[in-house]
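Rule-based calculations on the coordinates, nothing more; no lab input. The shown structure was predicted, so the numbers you read here are calculated from the model rather than taken from an experiment. No Cβ is skipped: glycine too gets one built from the backbone with ideal geometry, and neighbour counts run over all protein chains shown.
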């Protein structure tokens, strides 16, 4: 979204978004933003993809074992052709925000591509933990998952989400 001639990021961690292949395309992936991070060439969204639409095909809902991470550049990123990228948009969702945050936290904890330190850092950002106890709080969430105490994990996340 633009304000006063400058691009202002309105997509946040936890939002459900649709990322199109390019402007004007009807092909997209849809999912929840897990992280917004700085990469070597630009800032990027990290999206847990739950739905895929290819050109001229029906929408495909992905089972949890088939879900993957997409990392498109954030909106407002300049291209080498002098344009600006605007291919990710927020979509409305009937998902309870707490359920969405819980599911994203579960995905982070289950993902074998990340070590414990990376998982705790991602939980910190997802849940917005701040202050002296931030690492401890994110660690608690991860430990609840590791002990398979998902009810306690959900209660703890609800305190902060």
inquiry  = Between residue 151 and residue 92, what's the calculated FRET efficiency when r is the beta-carbon distance and R0 is 22 Å? Round to 0.05.
reply    = 0.15
key: Rule-of-thumb Rg ratio for the chain [Cα; 2.2 N^0.38 Å; N residues]   = 1.10
Two-site FRET efficiency, residue 136 against residue 106, from Cβ-Cβ distance with R₀ of 22 Å, rounded to 0.05 = 0.65
query = Given a cut-off of under 8 Å on Cα pairs at least six residues apart, what relative contact order in percent is computed for region 97-160?
reply = 31 percent
remark   = Given a Förster distance of 41 Å, the FRET efficiency implied by the Cβ-Cβ spacing of residue 54 and residue 143, rounded to the nearest 0.05, works out to 0.55
inquiry  = Report the gain in length on full extension from residue 125 to residue 43: 0.36 nm times residue separation, minus Cα-Cα distance, nm rounded to one decimal.
reply    = 28.0 nm
query = Given labels modelled 7 Å from the Cα in the Cβ direction, how far is it in nm from residue 10 to residue 84?
reply = 1.3 nm
note = Packing-ranked peptide list from 77-89, 118-130, 47-59, highest mean Cβ count within 10 angstrom first, is 118-130, 47-59, 77-89
note = Residue-normalised 222 nm signal for the chain, counting each DSSP H run of n ≥ 4 as -39,500 (n - 2.57), nearest 500 deg cm²/dmol, is -9500 deg cm²/dmol
ask   = Which whole-number percentage describes the relative contact order of the chain, with Cα contacts under 8 Å and a sequence gap of 6 or more?
value = 18 percent
Rotationally averaged projected area of region 97-160 (alpha carbon convex hull; nm²) = 3.8 nm²
Burial ranking of peptide ranges 109-117, 13-21 (average Cβ count within 10 Å, highest at the top) = 13-21, 109-117
